[in-house]
1. Ranking request for peptides 52-58, 37-43, 166-172, 132-138: highest mean number of other beta-carbon atoms within 10 Å first, then the rest in descending order.
2. Quick check on packing: order 102-111, 26-35, 59-68 by the mean number of other C-beta atoms within 10 Å, highest mean leading.
3. DSSP loop chymotrypsin sites (Phe, Trp or Tyr not before Pro) in region 45-142 with at most 10 other Cβ atoms within 10 Å of their Cβ, which ones?
Amino acid sequence: VTITITSGAPPSGLPGAGKQVMDMMPLIVILCGGVVLGFLFEHINLSGGFLVAGLVISLTVHVMELVPGVVPQPLALVGTTVVGTFIGERFGMVEWKTVRRMLPVAAGSACIQIVIAAIIAVPGAWAAKATVMDGLLAFAPGQQEVMSLLALTLGLNPLFVVTHQLMRFLSITLTLPIWYPILADWEDRRDARRAAESAKDDSPGSGTA
């Protein structure tokens, strides 16, 4: 909502509306290349593998000017709907009691992350000569495929957004083996300290009834 308001009027159509539509053969080549690269990305456990693969293939052929034009609007609409459906389907197994229990914690965590992301996004977008809206989506906490879909829907720069989101996930993946043992050790020490304090309070002569 914030991005839509600050960027002016909402887009009147999907990105690429009114531009030259690519021929069927290049479109088939891009789709096949995206599927093959998507399987490769999924094999190496890259987050949003198929979505990133499609972006990489499309970016490559368009930057090299091998394929002119954009995806036909009906196909783009179907693809956007499918991606949104898969994102929503993830919540199918979540129970309402779980949502109610986790909502306060999730809301507080999301607010903190949004504030931190906004503080980083403004100078980051200025340094990269991008718009503030691109920066907000690039640093926003959330799934990579969701942020990519929002960038496409709002007519922003999907490459800028996906690149930063991908680097965020890679940073987490690469640093997790370093931080996890430290956090696990800290949690074990905390549990041991609480167990010792509880045993001391329950011991004879501690003064407890």
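Every number in this text was worked out from the coordinates using simple rules, so none of it is lab data. Note that the structure is a prediction, hence the values are computed from the model and not measured. In this analysis, Cβ positions are derived from the backbone assuming ideal geometry, glycine residues included, and neighbour counts consider all displayed protein chains.
1. Values: 52-58: 20.9, 37-43: 15.0, 166-172: 13.4, 132-138: 23.9.
Result, highest mean first: 132-138, 52-58, 37-43, 166-172.
2. Those peptides, ordered most packed to least, come out 26-35, 59-68, 102-111.
3. On the way: sites: Phe50, Phe86, Phe91, Trp96, Trp126, Phe139; in loops: Phe91.
Filter output for region 45-142: Phe91.
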